[in-house]
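Engineer: Have a look at the structure that comes next, please.
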Amino acid sequence: MKIFIDSAEVGEVEKYISWGLCDGVTTNPSICLKSGVKGGEEGIKKRALEIAALIAPRPLSVEVTTDKIDEILVEARKYNAWAENISVKVTITDRNGSSLLPAIYQLVSEGISVNVTAMMTFNQAILAAKAINAGLSKSQVKKTHFISIFAGRISEEHGVEQAQKVLKEVRQWLDFHNYKNIEIIVGSVRSPENVDLWSKSGAHILTIPPEVIAKCLLSARTKETVVQFLDDANKALQQL
Ligand code: E4P
């Protein structure tokens, strides 16, 4: 299983690279807003280029800022030209629930890596996988594409086990049909308990916010044990 860092903070990404925990980075407009990306498209480009260079050849997902198919195509082609390791994030539907699969299929067939995002159901995920697979069969370039299932948001409505069920079933479905070059990303990871559960779902990737990764290391008993070892090390050294 891979770990992506769900953040647009350069310092956080650097930190988790140095911990050996960064297999990629995901961003979205809310994450960019939170981390103070300013200056419109130029600002997004600047931050994306910085992170893409830092993590290359690992993938960086950057989300389009529109839900209109013609505009998505224009934006996605631009993002794709920024760096070799950029994957373009497109939501599965527009704000009204209309399909954005035409854009997804078209971009994949042009050899642009796509991350289909904001998915909450098994049906959405397999239809996204079908469109990607169809695009791949037309494309000369076999890049990796992603399907992002927002497990945390599913859990808020239906519980963590329902999210687990969706993740497991989508993985089984991809394997059963022998789909290649498509990886499941678990999004909306909110807690160490989520990491514990969804790491066992069969999803290829968990994208985790920095604060949740830090919490995954914490245990009061570990801290207590470290203090005991250090105290005893000190005593032992004095005896020698
Ligand atoms: C990742 O790719 C997603 O954009 C992110 O995990 C969504 O998280 P949220 O549900 O906390 O906004």
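Engineer: Output wanted: per-residue J couplings in Hz (rounded whole) for segment 26-32, from phi through Karplus 6.51 cos²θ - 1.76 cosθ + 1.60, θ = phi - 60°, x for Gly and Pro.
Structural biologist: Here the 3J(HN,Hα) series is 10, 10, 8, x, 5, 5, 5 Hz.
Engineer: Then there is this: Ordering Glu12, Glu50 by accessible area with a probe of 1.4 Å, largest first, what comes out? If you can, show how the numbers build up before the last one.
Structural biologist: On the way: Glu12 55, Glu50 90 Å².
Largest accessible area first, the residues go Glu50, Glu12.
Engineer: Place a +1 charge on the Cβ of each Lys and Arg in the chain and a -1 charge on the Cβ of each Asp and Glu, then give the dipole magnitude about the Cα centre in debye, rounded to the nearest 20. Numbers along the way, then the final one.
Structural biologist: Numbers: 28 positive and 28 negative charges, 81 e Å.
My answer is approximately 380 debye.
Engineer: What residues have an amide H closer than 5 Å to that of Glu183, excluding those fewer than 5 places away on the same chain, when H is modeled at 1.01 Å from N in the peptide plane?
Structural biologist: His145, Phe146, Ile147
Engineer: Next question, about the same structure. Amide H to amide H, which residues 5 or more places from Asp6 or on other chains are under 5 Å from it, using H placed in the peptide plane?
Structural biologist: Residues meeting the criterion, in which the H sits 1.01 Å from N, are Thr26, Ile208.
Engineer: Right, here's the next one. Suppose the chain between Thr121 and Asp70 were pulled fully straight at 0.36 nm per residue; how much longer would it get relative to their current alpha carbon spacing? Please report the intermediate quantities before stating the final value.
Structural biologist: Working: separation 51, 0.36 × 51 = 18.36 nm, distance 2.57 nm.
Going from the current span to full extension adds 15.8 nm.
Engineer: Around Lys130, with a cut-off of 14 angstrom between Cβ atoms, what is the net charge of the other residues, counting Lys and Arg +1 and Asp and Glu -1?
Structural biologist: Summing Lys/Arg as +1 and Asp/Glu as -1 gives +2.
Engineer: Excluding residues on the same chain fewer than 8 positions from Lys215, give the lysines whose Cα lies under 28 Å from its Cα.
Structural biologist: Cross-link targets: Lys2, Lys15, Lys34, Lys89, Lys165, Lys168, Lys200, Lys223.
Engineer: Hey, can you grab everything whose amide H is under 5 Å from the amide H of Thr93? Only 5+ residues off in sequence or another chain; H modelled, so Pro and N-termini drop out.
Structural biologist: Residues meeting the criterion, in which the H sits 1.01 Å from N, are Leu100.
Engineer: Among the DSSP beta bridges whose two residues both lie in the chain, what percent are antiparallel, rounded to the nearest 5? Can you show the working numbers first?
Structural biologist: Values: 1 of 29 bridges.
The antiparallel fraction comes to roughly 5 percent.
Engineer: Can you give me the % of accessible surface on segment 97-240 that is carbon or sulfur? Probe 1.4 Å, all protein chains present, nothing else counted.
Structural biologist: Reported share for carbon and sulfur atoms: 55 percent.
Engineer: OK, next. In Å², what does the accessible area per residue of segment 2-239 work out to with a 1.4 Å probe?
Structural biologist: 51
Engineer: Hey, what's the Cα Rg ratio for the chain versus the globular rule of thumb, 2.2 N^0.38 Å? The partial results should precede the final answer.
Structural biologist: Numbers: Rg = 19.9 Å, N = 240, 2.2 N^0.38 = 17.7 Å.
Here the Cα radius of gyration is 1.13 times the empirical estimate.
Engineer: Using the alpha carbons of segment 81-171, what is the convex hull volume per residue in cubic angstrom, as a whole number?
Structural biologist: Output value, Cα hull per residue: 102 Å³.
The values are calculated or read from the model by the stated rules, or taken from the named source; none is laboratory data. These numbers were taken from a predicted model, which means no experiment stands behind them. Please note: Cβ atoms are built from the backbone with ideal geometry, for glycine as well, and neighbour counts cover all protein chains shown. Just the protein is used for accessible areas: all its heavy atoms, side chains included, with ligands, DNA and RNA removed. Shrake-Rupley method; radii C 1.70, N 1.55, O 1.52, S 1.80 Å.
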